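In what follows, a structure is listed as structure tokens, so that the remarks can point back to it.
The values are calculated or read from the model by the stated rules, or taken from the named source; none is laboratory data. These numbers were taken from a predicted model, which means no experiment stands behind them. Reconstructed Cβ throughout: ideal geometry from the backbone, glycine too, with neighbour counts over all protein chains shown. Heads up: the accessible areas ignore ligands, DNA and RNA and are worked out on the full protein's heavy atoms, side chains in. Shrake-Rupley method; radii C 1.70, N 1.55, O 1.52, S 1.80 Å.
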Amino acid sequence: RLLLLRVFALGTRSAPLFDAIRKRWLRRGGIAMIAGPDLVTSAVEPHEFLGFLSGDLGRTFVADEADLARRVAAMDRAPDPDRRYRVAEFFCRADTWQPTMRRLVGESDAVLMDLRSFSASNQGCVYELGRLLDAIDLSRVVFVIDRTTDRAFLEATLARLWSTLAADSPNRRAAQPLARLFEVSGPTAAETRAL
């Protein structure tokens, strides 16, 4: 299972990378993500759209820890008849996105974090970076960047977060810690294959 995290401020720039990754990854496993308006046209499921139309969208949002546990347990883990896996979206409010993100990290085999347009104004992403360093081996994480990423701020943030790793972080054992930054210009087909 791949966890997709991203800078929500990317807006429609999120869709091309998500579409490219989705086409390739869903043949191997599922994708989990916290839903946002940037990918609504790419990832929304028919039942979610019908909930929106009926005005009953509230029940699609994670309500609390027990609801989150139920939703995680209900994620499809097997491929569909066409042998493709699914995208599991988690709709969150301000009080549920952090526990959801932490839980999804624990359920994931790999993490792709799209940090295009990342800057000091993206404090939610700073939080996510800290939780990633604390909870998952960095060899299983790729950070996507481009020319709009404030790379100096990103590197300073990673260094600061590294200095405060949780005592049980799997990254404490790393002899030579390495955050994999993958720079894209498109994404182009070649970049998607490499990624």
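Scanning segment 143-179 for residues that are part of a helix (DSSP H, G or I) and polar (S, T, N, Q) returns 157, 171.
Restricting segment 149-183 to residues that are in contact with a strand residue (DSSP E or B) (Cβ under 6 Å, 6 or more places away or on another chain) and charged (D, E, K, R) leaves a set whose member that is farthest from residue 14 (Cα to Cα) is 180. Only a single item in (1) open to solvent by less than 60 Å² (accessible area, probe 1.4 Å); (2) of a type in the set (Gly, Ala, Ser); (3) more than 28 Å from residue 59 (Cα to Cα) is not met by residue 167, and it is number (1).
The number of residues in segment 146-156 that are of a type outside the set (Val, Ile, Thr) and surrounded by 19 or more Cβ atoms within 10 Å (Cβ to Cβ) comes to 2.
Taken over segment 27-64, residues that are more than 15 Å from the chain's Cα centre (by Cα) and modelled with pLDDT of 75 or more amount to 7.
Taking segment 93-131 as the search range and keeping residues that are touching a residue at least 60 places away in the same chain (Cβ under 8 Å) and part of a helix (DSSP H, G or I), which one is most open to solvent (accessible area, probe 1.4 Å)? Walk me through how you get there before you give the answer.
Initially, segment 93-131 is screened for residues touching a residue at least 60 places away in the same chain (Cβ under 8 Å), giving 97, 100-101, 104-105, 107-118, 121-122, 124-125, 128.
Narrowing the set further to residues that are part of a helix (DSSP H, G or I) leaves 97, 100-101, 104-105, 124-125, 128.
Numbers: 97: 59, 100: 0, 101: 1, 104: 1, 105: 7, 124: 31, 125: 9, 128: 16 Å².
Looking at the filtered set, the residue picked out is 97.
Scanning segment 133-145 for residues that are free of Cβ contacts under 8 Å to residues at least 60 places away in the same chain and open to solvent by less than 20 Å² (accessible area, probe 1.4 Å) yields 133, 136, 138, 141, 143, 145.
When the residues of segment 65-81 are filtered to those that are charged (D, E, K, R) and either closer than 18 Å to residue 1 by Cβ or modelled with pLDDT under 95 (or both), which remaining residue is surrounded by the most Cβ atoms within 10 Å (Cβ to Cβ)?
Filtering first and then ranking leaves 71.
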